[in-house]
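First the structure, in the form of structure tokens, and then the observations on it.
Readers should treat all values here as calculations from the given coordinates under stated rules, not as data from a laboratory. Predicted, not measured: the structure shown is a model, and the values here were computed from it. Methodologically, a virtual Cβ is constructed for each residue, glycine included, from the backbone with ideal geometry; neighbour enumeration extends over all protein chains shown.
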2 protein chains.
Amino acid sequence: MKKRRIMLVVSYDGTAYNGWALQKSTHNTIEEMLNRAIHGLTGEEVEVIGASRTDAGVHAYGNIAVFDTSSSIPGDRFSYALNHILPQDICVTESREVHPDFHPRHCDTLKTYEYRVLNSKMPVPTRRFYTYHFSMPLDIDVMNEAAHYLEGEHDFTSFCNVESQAVTHVRTIKKVEVFLHGDEVVIRVIGNGFLYNMVRIIAGTLLQIGRGKGKPSDIKEMIDKQDRKAAGPTAPACGLFLMKYEFLDGIPGPETAEDD
Amino acid sequence: MKKRRIMLVVSYDGTAYNGWALQKSTHNTIEEMLNRAIHGLTGEEVEVIGASRTDAGVHAYGNIAVFDTSSSIPGDRFSYALNHILPQDICVTESREVHPDFHPRHCDTLKTYEYRVLNSKMPVPTRRFYTYHFSMPLDIDVMNEAAHYLEGEHDFTSFCNVESQAVTHVRTIKKVEVFLHGDEVVIRVIGNGFLYNMVRIIAGTLLQIGRGKGKPSDIKEMIDKQDRKAAGPTAPACGLFLMKYEFLDGIPGPETAEDD
């Protein structure tokens, strides 16, 4: 039977995992869990292709994975079937058959991240894995003013882990907004692509400015310096959520029967 | 030195614990963690007195504990000092010296519980320990109508675990309200005292009525029957939060210096 390509939308609690991507040193990754669950379901050895390699401790509501299968399971049934096998900290919220050439990293996309800060005097135990507790007062207006300097196309070397192996550090951020949601300060970043640790460095830097260390226009100088040491600290992984992927040219459907 | 009584407001993630109360079969309780932390701080062997013995997996923002100490640590410093010793899933959000006779279970109080239901088609991994995932549609108006029948003074035998050893099952519920908070349906229950599993049985019963099994006025018959089998199922522990204690006659302060 001809192979079909299945796309999964994956939600996970990253707390217990060493990130998304397969690693030589550990089997404890989201990717490995998905590969194993698919093997359990279809008997096939697969390696899913992920859209975003989130770090250890980072969470997702809408990461994307694709894989090829010869099984006859309808595309939309994979989510239910896989959720019976996957551990409870990983959930496939949607599945569908897509075009065999669809590759989630070779598409024009918009990615939305949220960095969630619990801005309270005391920590809240039930939220320790899902927010970064920051007890100092934050000026949200100042953070938003600073955020605007990040928008647009820039070389984000200053906002990138020095171990990055990206060919270019030029990225386009469409929008950065900071808002209060209950007792959380949320930093929402939307862009076409992000460098290693980029959102966490943006969050760490905006938090410094929001607590009064530096002024909004400092962001411009940080970008211009193209030096990681110019920007603020990398905020902890636990506050970061990959919210969603938008495929700007749509997601191509499977080939029609006559292609077979 | 004369003993002083210290009151703690305690917030915790109940996921990893076998509930609040000391048990013969396990050391893994909130009470034991507090006793050990106080011992680590003061060197004294103490047994805290808790206001509410929450079950395994139940969370709290505002449970109350008191203990006696000969240490000279100021009352308001215990919270900071204990938080350095306690595991991250327990936090003392407030501490103060109170009258040596103050006993949190011998006061007129109002307790507020919230039962949180994630009402969505798919589960959300990051919220699996802090909500009960209920995928069927819920009619909040119907749930509120049913909730009103619970308010007032009743014999709540039907809403009490059969293993309860309470002398009387008569309790007064001041208010039960059901509301939407984002994608959560929250059942908030306020009363002067609760029986074993009472809030979880109330939640399980309101969810049945909210999904269309039975009608609001059924609650009246369930109460009248004084039989646990008349009410709905016990909802899982993970959705339950002890929100706060209000001491209706206030909290008496420490004795003045001339009493010493």
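Using Cα pairs closer than 8 Å and at least 6 residues apart in sequence, work out the relative contact order for segment A:1-153, in percent.
Relative contact order comes out at 27 percent.
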Run the quick spin-label model on B:Gln88 and A:Asp155: label points 7 Å from Cα toward the beta carbon, then report their separation in nm to one decimal.
3.7 nm
Nearest-20 debye value, the protein assembly as shown charge dipole, Cβ charges on Lys, Arg, Asp, Glu
360 debye
Can you find, among B:Ala146, B:Val10, A:Gly152, the residue farthest towards the positive end of the dipole of the protein assembly as shown? Put +1 on the C-beta of Lys and Arg, -1 on that of Asp and Glu.
B:Val10
How many angstrom lie between the C-alpha centres of segment A:186-260 and segment A:152-172?
11 Å
With N set to the number of residues, divide the alpha-carbon radius of gyration of the protein assembly as shown by 2.2 N^0.38 Å and report two decimals.
1.12
Contour minus Cα-Cα span, A:Arg105 to A:Ser164, at 0.36 nm per residue, comes to 19.5 nm
Report, please, the projected area of segment B:1-136 averaged over directions, based on the convex hull of its C-alpha atoms, in nm².
9.6 nm²
Using only Cα atoms, find the angle between the long axis of helix A:198-210 and the longest principal axis of chain A, and express it within 0 to 90 degrees, rounded to the nearest 10.
30 degrees
What are the extents of the Cα atoms of segment A:147-260 along their three principal axes, listed from largest to smallest and rounded to whole Å?
63, 38, 24
Label points for B:Thr26 built 7 Å along Cα→Cβ; distances to same position in the other copies, nm, shortest first, come to 2.7
Checking rank on B:188-194, A:39-45, with mean other Cβ inside 10 Å and highest first, the result is B:188-194, A:39-45
Counting each DSSP H run of 4 or more residues in chain B as -39500 (n - 2.57), what helix-only mean residue ellipticity at 222 nm follows after dividing by all residues, to the nearest 500 deg cm²/dmol?
-6000 deg cm²/dmol
In whole percent, what relative contact order does segment B:85-193 give with Cα contacts below 8 Å and a gap of six or more residues?
31 percent
Each residue of B:7-18 has, on average, a number of other protein chain C-beta atoms within 10 Å of its C-beta equal to 2
Going residue by residue through segment B:221-231, the Karplus relation 6.51 cos²θ - 1.76 cosθ + 1.60 with θ = phi - 60° gives ³J(HN,Hα) values, rounded to whole Hz and with x marking Gly or Pro, of 5, 4, 4, 4, 5, 6, 8, 3, 5, 6, 8
Percent of Cα-Cα pairs more than 19 Å apart in segment B:93-153, please.
60 percent
Phi-derived 3J(HN,Hα) across segment B:172-184 with the Karplus relation (6.51, -1.76, 1.60, θ = phi - 60°), rounded Hz, x for Gly and Pro, is 10, 9, 7, 7, 10, 10, 10, 8, 8, 10, x, 9, 9
Peptides B:103-111, B:245-253: what's the order by average Cβ count within 10 Å, highest mean first?
B:103-111, B:245-253
Roughly how tilted is helix B:30-42, in degrees to the nearest 10 and between 0 and 90, from the longest Cα axis of chain B?
20 degrees
Straight-line reach from A:Lys215: which aspartates and glutamates fall under 17 Å, measuring Cα to Cα and dropping same-chain residues less than 8 apart?
A:Asp139, A:Asp141, A:Glu145, A:Glu151, A:Glu177, A:Asp224
Summed over the other residues with a beta carbon less than 15 angstrom from that of A:Val46, with K and R at +1 and D and E at -1, the charge totals -3
Chain B: translational diffusion in µm²/s, Stokes-Einstein, Kirkwood Rh over Cα pairs, 20 °C, 1.002 mPa s
110 µm²/s
What is chain B's relative contact order, in percent, from Cα pairs under 8 angstrom and six or more apart in sequence?
24 percent
Please compute the average number of Cβ atoms from other chains found within 10 Å of each residue's Cβ in peptide B:149-156.
0
Defining the label point at 7 Å along Cα→Cβ, can you sort the distances from A:His106 to the same site in each other copy, shortest first, in nm?
7.7
Over the whole of B:126-132, what's the average partner chain Cβ count within 10 Å per residue? Rounded to a whole number, please.
4
Quickly rank B:26-37, B:65-76, B:195-206 as a protection proxy: mean count of other C-beta atoms within 10 Å, highest first.
B:195-206, B:26-37, B:65-76
To one decimal in nm, how far is B:Gly43 from the same spot in the other copies, if labels go 7 Å from Cα toward Cβ? Please give the shortest first.
7.0
